[in-house]
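The values are calculated or read from the model by the stated rules, or taken from the named source; none is laboratory data. Keep in mind it's a predicted model, so treat the numbers as computed, not measured. Backbone-built Cβ (ideal geometry, glycine too); neighbour counts: all protein chains shown. Keep in mind that these areas ignore ligands, DNA and RNA; they rest on the heavy atoms of the full protein, side chains included. Shrake-Rupley method; radii C 1.70, N 1.55, O 1.52, S 1.80 Å.
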Amino acid sequence: MANYRTNKKNSSGSISQGSQAIIIFWLIFVIVIISVFMLNAETIKRNFNILKTRLTDPAGSEKSHEEEMPPEPQSEVVIIEPSQTETGTRPAAESQPAQTGTETRQPSQTDTAAPVQTRDRNVYYAQIDKDGQILQSRVIRKIQVSNSPMVDVLNVMLAGPSGDEINRGIINLIPKNTRILSAAVRGSTAYISFSEDFLFNTFGVEGYVAQLRQIVWTVTEFSNVEDVQILIEGNRYDYLGEGIWIGSPINRQSF
């Protein structure tokens, strides 16, 4: 019996201590909650107001939320006043800037460019007949008028015949890559200096004769030219190829 009373007393003490611990825990919890609430009273109040506004006015919820956010810095807006010439009923986006001063129109190429003047010139090439003989072949080219017509004609000749002319058997026997270095007329003689490529003709003696005939016939088409002095790199040579004399001016009767 005594043991029962002792156990009952111990049990009652344990329960009492457990109840006290629970009460202390809840007191501390309540104190913490109150402290948190007091520290965040403004935030809780603001959130509560937002929630209340959303519940009572859903359509204006976004607007209310935006009003709570800090305003963003606004960029400077420059308003350009329209000039007097732009006033009217046209939308601003379609209005044209006012023009001031005297209008100056830049001349176009069609206004200033003079028509290109050309002149028909005879240019000589070569053609091989059915017997294998090399003959002179004349073609007419429209060449732009300039201050150096002889050089222009010679450069056209060096460029070679056109595709249609090639189909007709017309060929150029002046060695490839030959260039005109200079051309001048003294008296009735044309002095023409060629690059050294002029010295090498793969068609032999007949090829050398044909290339000289092309030069002489083309240049003597000019009324003030009677003969031609051939120069190579500005120097006078006595012979071209195998014994063809070029040490003095040559003309159409030289062949």
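Worth pointing out:
- Distance in nm between pseudo-label sites at N167 and F29 (7 Å out along the Cβ direction from Cα): 10.7 nm
- Of E242, E196, the order by accessible heavy-atom surface (1.4 Å probe, DNA, RNA and ligands excluded), from most exposed downward, is E242, E196.
- By a 1.4 Å probe calculation restricted to protein chains, I134 has an accessible surface near 50 Å², given to the nearest 10.
- What you get for region 185-255, charging only the Cβ of Lys and Arg (+1) and of Asp and Glu (-1), is a dipole of about 200 debye around the Cα centre.
- Under 12 Å, Cβ to Cβ, from E196 - net charge with Lys/Arg +1 and Asp/Glu -1: -1
- Amide H to amide H distances under 5 Å link Q229 with A190, Y191, I192, I250, where only residues 5 or more positions off or on other chains count and H is placed in the peptide plane.
- Under 5 Å between amide hydrogens, built in the peptide plane, is the criterion, and for L173 it picks out A126 among residues at least 5 positions away or on other chains.
- Solvent-accessible ranking of W217, W245, largest area first, probe 1.4 Å: W245, W217
- Gyration tensor verdict on region 114-215 (Cα atoms; rounded if a/c is under 1.5, prolate if a/b is larger than b/c, oblate otherwise): oblate
- Computed label-point distance, nm, for sites V151 and S223 using a 7 Å Cα→Cβ extension: 2.4 nm
- Residue-wise HN-Hα coupling along region 220-232, computed from phi with Karplus coefficients 6.51, -1.76, 1.60 (Hz; x: Gly, Pro): 6, 5, 6, 5, 8, 10, 10, 8, 9, 9, 7, 10, 10
- Extension gain, E206 to E42, is 47.7 nm, computed as 0.36 nm per intervening residue step minus the present C-alpha separation.
- Burial order of peptide ranges 142-148, 188-194 (average beta-carbon count within 10 Å, highest first): 188-194, 142-148
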